[in-house]
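Scroll down for the structure; my scribbles are underneath it.
The values are calculated or read from the model by the stated rules, or taken from the named source; none is laboratory data. Model, not experiment: these values are computed from the prediction. Positions of Cβ are generated from backbone atoms using ideal geometry, with glycine treated the same way; all protein chains shown enter the neighbour counts.
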Amino acid sequence: MKNTIYIRKPNHISTARFTLSTIEYNIIYFIIDELTKSQSLDVNVEYSEQEIVIELKKIEKHNNYQRVKDSIKSLASKQIEYHINIPGVNGKSQQIQENITSLISGIKYVRNSKYISFIVPSQACRFFCYLGGGFTPIQKTIAIGLSSIYSKALYELCCRWLDKGGYNCSIDDLKVYLSIENKYKQLAHFRQRVLDDSIIELKEKADLFFTYTLTKSNKKYDRISIKIHGNYKNKSGFSGVKEEHYRFVYFFLKRYFPDYLDSKALDYTEILVKQNNLEKAYYRFLKLDDNHSDGSKTKEDIYNLLINVILPELEITKSHKTLNKCE
């Protein structure tokens, strides 16, 4: 895998209609990570097929060759239907484009090898790489380390809605998101096996977890309100970087460099980590956040300070490559 903390998962992957096993989830995380350099906000980018090589132990902790091979075969048999949001330009309204693709078109392996390779076709590369309709930064080591498919999906939901503090929807819509529309008809089973078990695993292994409240209408529980929490007791995070610092810096930068324009917020945060400037940025941004809260600086003041003074001092220059919105 690449030497990055977070992967950018396009939001249309999470809303696509297909069911995954735990290993299939991990393979998709691996593909996204491998294709990071090809990710773009430009819907018109032409992609070519890519060969991905997987080391088995990075996907399946027991190094079970047959399980990984079967999971790749399963992904190869899936036809994925998904839509992407194409932002409007020059006064035109946003468009929704429907797509159908297979995710894997070929598999190659040597018996008893620690590696397996497969081909991602060009249309599937677009599925993994187009970010213009929105994306969610996900800490890859945590996502791969979760053992339940529901924990993985709900962790992604926590990552996506963290800056809002939570998420509200109908129980039926949440089941659609989790691809379990026809399972757990009894609410008690849904709570225990999906929600409560996921909370337990996220508290043990992840940097985020959630609590929830169910509400009734017409004497039936039909809506769920999810509140997202930082899990500061978790010990499984990456070494050398405080999760609290990383998330604060990323979401602070996101206010001034929003994701719908480009990926500067996440790119700059990754640069700060690599250059050992994250902690310094954290305390600088805390002070700026206080200045904005007490009214001593406007958002425009802070933006100008970031561009002209603070980011250059933190060794972030205009020469650093980021993903820009298509002009």
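Below are the figures for this structure:
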| item | result |
| --- | --- |
| Inter-residue pairs, beta-carbon under 9 Å, first at negative phi and in the same structural domain as Phe252 (by TED's automatic domain parsing) and in the range 267-293, second at pLDDT 90 or above and among the small types (Gly, Ala, Ser), 6+ apart | Tyr268/Ala281; Thr269/Ala281; Leu272/Ala281; Asp290/Ser296 |
| Residue ID - surrounded by the fewest Cβ atoms within 10 Å (Cβ to Cβ), chosen from residues in the range 297-315 that are polar (S, T, N, Q) and assigned to a helix (DSSP H, G or I) | Asn308 |
| Boolean, Leu178 is assigned by TED's automatic domain parsing to the domain that holds Lys205, without any contact (Cβ under 8 Å) to a residue 40 or more places away in the chain, in contact with a helix residue (DSSP H, G or I) (Cβ under 9 Å, 6 or more places away or on another chain) and surrounded by fewer than 18 Cβ atoms within 10 Å (Cβ to Cβ) | no |
| Selected residue [of a type in the set (D, E, K, R), closer than 23 Å to Tyr6 by Cβ and out of contact with any strand residue (DSSP E or B) (no Cβ under 8 Å at 6 or more places or on another chain)] from Glu34, Glu46, Glu60, Glu55 | Glu60 |
| Residues (more than 16 Å from Pro10 (Cβ to Cβ) and either surrounded by 10 or more Cβ atoms within 10 Å (Cβ to Cβ) or modelled with pLDDT of 70 or more (or both)) located in the range 76-91 | Ala76, Ser77, Lys78, Gln79, Gly88, Val89 |
